[in-house]
Amino acid sequence: MAEIENAIIMAAGLGTRMRPLTYKTPKPLIRVAGKPMVESVIEGLHQNGIYDISIVVGYLAEQFNYLGEKYPGVKLINNPYYNQYNNISSLYVARNELKNTVILDGDQLVMNLKLLKREFAHSGYAGAKIGQFTDEWIMHPDQNGKILRCDRSGNDHGWRLYSLSKWQAEDSLRLKDYLEAEFEHAHHYDIYWDDIAMFDYFDEFSLYVMPITANDIIEIDSVDQLKQVDQQLTKRG
């Protein structure tokens with residue numbers, strides 16, 4: 001059993017699907033139920049005893065500066081490539097922070113904070129079982145939860161991959177090495193960082209599904225969805 005030492009929060013993107021809101025505000029700083037989404041993530045990590053938190057910023061990066069003062073232990077890592085390359089660039093610039101690490105997005109809501117508990121048995125991704133077609137990445141594990149393969153173009157059965165993952169130190173070291181190989185040497189700038197473990201070097205990792213329900217993590221991808229989730233959580237209080 002390993003124990004999470006730190007967190008890396010991805011928050012560098014342009015948030016194009018949330019325009020016009022993101023013309024002046026980076027998506028992770030958009031408020032839901034009165035609080036910026038990234039602050040909800042930080043506070044959820046704090047509630048689980050995780051205070052060493054790196055936030056990868058890029059688009060409108062200066063707007064995140066206050067977080068280091070408000071939340072001791074938070075540091076910002078600038079991604080100068082955010083407007084040129086895919087999100088492999090964000091984990092690449094934060095690669096030296098990889099150890100026993102949880103990686104998650106700053107523009108999602110973790111509704112079940114037990115998902116952020118520090119103790120974990122395997123490296124892997126949060127996943128919710130599906131019963132109808134979705135074009136998200138779909139994982140197919142064995143009976144013990146070990147991921148056997150992943151469908152990039154969706155499926156109507158399996159486990160939908162969510163962007164919350166935990167990495168044991170030895171897997172983090174592999175991930176760091178492959179990030180450098182892909183970014184520095186192969187110049188594969190257009191891939192997701194998750195491509196490394198789930199596809200390009202899949203056999204080098206032993207990854208497991210962390211079972212969740214579809215309501216445990218909310219990924220907000222449109223202005224209409226934002227309004228709906230904001231209303232629901234505001235009423236809940």
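General remarks:
- Pair list, Cβ < 6 Å and 6+ apart or interchain, from the stretch 151-177 residues that are at positive phi to residues that are in a strand (DSSP E or B) and open to solvent by 10 Å² or more (accessible area, probe 1.4 Å): G154/T134; G158/H140
- Scoring F183 on the criteria (1) in contact with a Leu (Cβ under 8 Å, 6 or more places away or on another chain); (2) in a helix (DSSP H, G or I); (3) hydrophobic (A, V, I, L, M, F, W, C); (4) crowded, with 20+ Cβ neighbours inside 10 Å leaves a single failure, condition (1).
- Neighbours by Cβ (under 8 Å, 6+ apart or cross-chain): first from the stretch 218-232, in contact (Cβ under 8 Å) with a residue 24 or more places away in the chain; second in a strand (DSSP E or B) and loosely packed, with under 15 Cβ neighbours inside 10 Å: D230/R31
- Scan of the stretch 41-86 for residues that are closer than 30 Å to K235 by Cα, in contact (Cβ under 8 Å) with a residue 60 or more places away in the chain and open to solvent by less than 40 Å² (accessible area, probe 1.4 Å), ordered by number: V41, G44, L45, N48, G49, I50
- Filtered residues of the stretch 15-25 (kept if assigned to a loop (DSSP other than H, G, I, E, B) and within 13 Å of I220 (Cα to Cα)): G15, R19
- Looking only at residues in the stretch 120-149 that are within 20 Å of L104 (Cβ to Cβ) and of a type in the set (F, W, Y), the one that is surrounded by the fewest Cβ atoms within 10 Å (Cβ to Cβ) is F120.
- The residue of the stretch 216-237 that is least open to solvent (accessible area, probe 1.4 Å), among those that are assigned to a loop (DSSP other than H, G, I, E, B) and closer than 21 Å to M10 by Cα, is I220.
- Strands (runs of 3 or more DSSP E) enclosed by the stretch 43-117 - at least 1 residues per element that are among the acidic types (D, E) and under 16 Å from the mean Cα position of the chain (by Cα): 101-105
The values are calculated or read from the model by the stated rules, or taken from the named source; none is laboratory data. In this text, all values refer to a predicted model and were calculated from it rather than measured experimentally. All Cβ positions, even for glycine, are placed from backbone atoms using ideal geometry, and neighbour counts span all protein chains on display. Ligands, DNA and RNA are stripped out before the accessible areas are found, and what is left, the full protein with its side chains, is counted by its heavy atoms. Shrake-Rupley method; radii C 1.70, N 1.55, O 1.52, S 1.80 Å.
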